[in-house]
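Some notes on the structure that comes next.
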Amino acid sequence: MKKDDIIIVRIEDFSNEGLGIGYIEDDFLNPLTEIDAKQNTAGDSMRQAEQSTAVDSMRRAEQSTAVDSLRQAEQSTAGDSELQPEQGSAEAPAISSADTGQRRGPVLFIKDTIIGDVAEVKVMKMKKTYGYARLLRILTPSQDRVEAPCPVARPCGGCQIQEMNYEAQLRFKEKKVRGNLQRIGGFAEPPMESIIGMENRSMPNSPLGSDSVSFSDFLENQDIANTIRDIVSPVDSRDQSGREMEYPFRYRNKAQYPIGRDKDGNLIAGFYAGRTHTVIDSRDCLLGAKVNKSILDIVLNHMETYGIEPYDETTGTGLVRHVMIRVSKEVLEEQIEPTQYMELHGNTNVSYTTETAHNAAGDAALTEAVHGEADSASSTEPARGKASGASGQIMVCIVINGTSLPKSDRLVQALCAIPGMTSITLNVNRERTNVIMGRQLKLLWGKEYIEDTIGDICFRISPLSFYQVNPRQTEKLYAKALEYAGLTGQETVWDLYCGIGTISLFLAKNARTVYGVEIIPDAIRDARQNAQLNGITNAEFFVGKAEEVLPEKYEKEGIHADVIVVDPPRKGCDRSVLDTMLKIAPKRIVYVSCDSATLARDLKYLCAGGYELKKICSTDMFANSCHVETVVLMSRIDTQ
C-alpha cells in the first residue's frame, strides 16, 4: 500500500485526535482501480501487479507489529518507566481505546469516519506501519452514524465524533478507559462502574452489560447519597421547561473564538479546522451558549465599523486575536435564542451611529432599550444589562496584540445591551505564540470576574481561571469524587492541583480540614477568595509544588493526610508527586483524570507502591469529542 492507492477499509477505533482508524477490509484494491487497470497499458498492469505484491508483502511482514508499533509510540510518552507526559504525535496519533487482539497490516487514520463505517479512501501519506487517507465515500455506514446537526461539523476541529449517536459515544468512551487501564496499566479486570452520561438514556449494548445512569441513581452509598443530594440537586434528561433533551449540546460555559478573515476578506470568528490554523466561520457553535453568536456579531461589527484588523499569526500584525466568552450555569439553562436579544433590546448597532452614539440622547435611548426606562443618574456609564426573565452572568474577554482597543467605550455600550453582561475585559498578548491568553488584563467595564455555582458552592471565575466547562456534569463528577473520598467529618484531606479550589471547597463540608496546593499564585488567591465568599473556614491553600509543600507540612508541622485527591492536567502527575503520595501513605487516594492513558500509567505506579484499585467511574464531560473524565478510588492495602 502506498500513496494514491484507493482501498476499502473498516473503521474500528479512534485516535486521540478523533481520526477514524481503518484496517483493510478486503484483499483487493477498489474496483474502480481494477477497471482502470484493464483499460490501461501493460505498464499500468505491471504497476498494479507490483502494487499488489507490495501490499501482500507488507501485510505479511507487519501482521503482528502494526498496532504494536503505534502503541509503542503512545507508551513512550505514557510508559511507567520514565513517567513522561503523553503528547499527541502528528506523525503517529495514539490509538484512543484498546483492542488487544492482533490486527493484519498497517492502519490508516481517516478524518470524518466513525467506528463501524466501511469506507473507500485514498492514501495520502504512508509510513512503515501506518498512514493517512482521505475519505472518498462511505460504502456501508455504521449503524451508529447520525447526521451531524452542525453545518460545519466536518471542517471544524471542535467536535470529532458528532456523527456518532450519543449512546455509541458513551460505549466508545467506556471502551477507551477500560482499554487503557488494561493495556497501559496492566489491570486485567478494572473495577469500572457505568459511565455517567449527559442523558438518562438506556444503553442495552454497553460492554459493561448495564444501562447508563441518571444522577439520582449513580450513588451506591445511601448515606453519602443523602448528603450529596443536600448539596447538589438531581438533574435528569429534561430541561427547565420539561422538554426531553434530544442530544447533548449547548453545554459548554466557555468558548475561545479565533478571529480572522475568509478567502473573500470578510471578518470571521469560529474555530480552527482540524490539525490546522485555518479559521472556520462558526459563530453559533452548538456546544456553546446561544448568546455567543450575538456577542461575536457585535465584536465583528465593531471591528468592521472602525477598521480594526484581526491578528495574522504569520506576520505578527493585526490587533484582535481571540474573543473568549464565559457564562454562568443559568445562562446555559435559559438558552435564549440570539434573535430574541434584538427583539428585546432593539438593534444593538445603534451604538455605531456616529451622530448619536455618544450624545446624551443616544445614551439615554440605549439605556432605555436595555432597562426599559431612562437612567437619570448617568447618561455616559452603561449599566449592567438586564432583561425580563433573564438571569445569570456573562463575561467577554477580547485578546489583543496591543495595549488598547479603538472606540472600546462604544463596544462596551453595545455589549451591555445583552442581558446578564457582567464583565468586559481586554487581555494583552503580544507574544508570537499559539498560547491564547496573555498575563495582563485590563478591565473595560463591570467586574473582573463572574460568579457561578457547583452545587451550593459559589465560585468567582476570572478570565484566566481554570474551571470545568460542563456545569451539569461537573456536579456529577465532583459528587462521585466526594462519594469515593468516604468522608465522615473527621478526615484531613489534601487536594493537589487544586486550582481555584473547586474540588477542595466541594469536599470541605464533609471533612475536618482540607488543604489545597497549586503552583499558580493567582489560582490560590482565587481559591482563598472563594472560601471566604462561601464562609468556609476549614480550607487552607498553599502556593507551591505539591511534592515540596506536602512533605514540608508533614515533616515540620505534623500535618498528615487521611485522603489525598489529585486532579492533574492531561500529562498526569509528576513522578515526584506520586512518590510524595506514597511516602505520606493516606488511607485513600481519589484520582480525577482527563486523560485515561496517563491515568493508567500513574495508577500502575501507585499500585506497585502498596495501593489497590477499588472503584472507577467515567463521566462524559465533553460530549461529541473523544475526551472523557474519570474518577478513581484507591485504598492502601494494609488498611483494608
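The values are calculated or read from the model by the stated rules, or taken from the named source; none is laboratory data. As the structure is a computational prediction, the values presented were derived from the model and not from experiment. Every residue, glycine as well, gets a Cβ built from its backbone with ideal geometry; the counts of neighbours run over all protein chains shown. Ligands, DNA and RNA are stripped out before the accessible areas are found, and what is left, the full protein with its side chains, is counted by its heavy atoms. Shrake-Rupley method; radii C 1.70, N 1.55, O 1.52, S 1.80 Å.
Checking R472 against (1) modelled with pLDDT of 95 or more; (2) more than 21 Å from R528 (Cβ to Cβ): exactly one of these is not met. Which one? In the conditions (1) modelled with pLDDT of 95 or more; (2) more than 21 Å from R528 (Cβ to Cβ), R472 misses (1) alone.
Among the residues of region 502-513, those identified as in a loop (DSSP other than H, G, I, E, B) and modelled with pLDDT of 95 or more are N510, A511, R512.
Looking only at region 420-478, which residues are buried (at least 21 other Cβ atoms within 10 Å of the Cβ), part of a loop (DSSP other than H, G, I, E, B) and small (G, A, S)? Residues satisfying the conditions are G420, S462, S465. Being in a loop (DSSP other than H, G, I, E, B), touching a helix residue (DSSP H, G or I) at 6+ places or on another chain (Cβ under 7 Å) and not aromatic (F, W, Y) is a condition met by at least one residue of region 249-265.
Of A481, A485, all but one fail to be hydrophobic (A, V, I, L, M, F, W, C), open to solvent by less than 10 Å² (accessible area, probe 1.4 Å) and within 25 Å of L287 (Cβ to Cβ); the exception is A481.
Yes or no, residue by residue, for (1) in a loop (DSSP other than H, G, I, E, B); (2) under 29 Å from I8 (Cβ atoms); (3) open to solvent by less than 10 Å² (accessible area, probe 1.4 Å):
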residue	(1), (2), (3)
L136	no, yes, no
V152	yes, yes, no
Q160	yes, yes, no
E167	no, yes, no
K173	no, yes, yes
L181	no, no, yes
A188	yes, no, no
S194	yes, no, no
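Looking only at residues in region 627-640 that are assigned to a strand (DSSP E or B) and charged (D, E, K, R), which one is surrounded by the fewest Cβ atoms within 10 Å (Cβ to Cβ)? By that ranking, first place goes to R636. Only residues that are more than 22 Å from the chain's Cα centre (by Cα), open to solvent by less than 20 Å² (accessible area, probe 1.4 Å) and of a type in the set (G, A, S) were counted in region 583-626, giving 0. Each residue in region 598-625 was checked for being in contact with a Ser or Thr (Cβ under 8 Å, 6 or more places away or on another chain) and either outside any helix (DSSP H, G or I) or within 25 Å of Q162 (Cα to Cα) (or both), and 8 pass. Checking each residue in region 138-150 for being in contact (Cβ under 8 Å) with a residue 60 or more places away in the chain and either assigned to a strand (DSSP E or B) or at positive phi (or both) picks out only L139. Among residues of region 620-640 that are under 16 Å from R472 (Cβ atoms), those with a beta-carbon under 7 Å from a residue that is open to solvent by 10 Å² or more (accessible area, probe 1.4 Å) and part of a helix (DSSP H, G or I) at least six positions away or on a different chain give the pairs V628/K176. Within region 10-21, being under 17 Å from K127 (Cα atoms), of a type in the set (A, V, I, L, M) and outside any loop (DSSP other than H, G, I, E, B) holds for one residue alone: I21. Within region 528-561, being in contact with a Cys (Cβ under 8 Å, 6 or more places away or on another chain) and within 24 Å of R588 (Cα to Cα) holds for one residue alone: F541. For region 530-580, taking the residues that are of a type in the set (S, T, N, Q) and at pLDDT 95 or above, the one that is most open to solvent (accessible area, probe 1.4 Å) is identified as Q532.
Checking every residue in region 329-341 against the condition of being surrounded by fewer than 20 Cβ atoms within 10 Å (Cβ to Cβ) and modelled with pLDDT of 90 or more gives at least one match. The C-beta contact set for region 507-518 (first residue more than 16 Å from N534 (Cβ to Cβ) and touching a residue at least 12 places away in the same chain (Cβ under 8 Å), second residue in a helix (DSSP H, G or I) and among the hydroxyl-bearing types (S, T, Y), distance under 9 angstrom, 6+ apart or interchain) comprises Y515/S504. Of the residues screened, T630 is not one that is of a type outside the set (A, V, I, L, M) and touching an Asp or Glu at 6+ places or on another chain (Cβ under 6 Å).
Scanning region 95-119 for residues that are open to solvent by 10 Å² or more (accessible area, probe 1.4 Å) and modelled with pLDDT of 60 or more gives K111, D112, I115, G116, V118. Select from region 514-530 the residues that are assigned to a helix (DSSP H, G or I) and in contact with a Lys or Arg (Cβ under 8 Å, 6 or more places away or on another chain) and list them in ascending order. Within region 514-530, D526, Q529, N530 meet the criteria.
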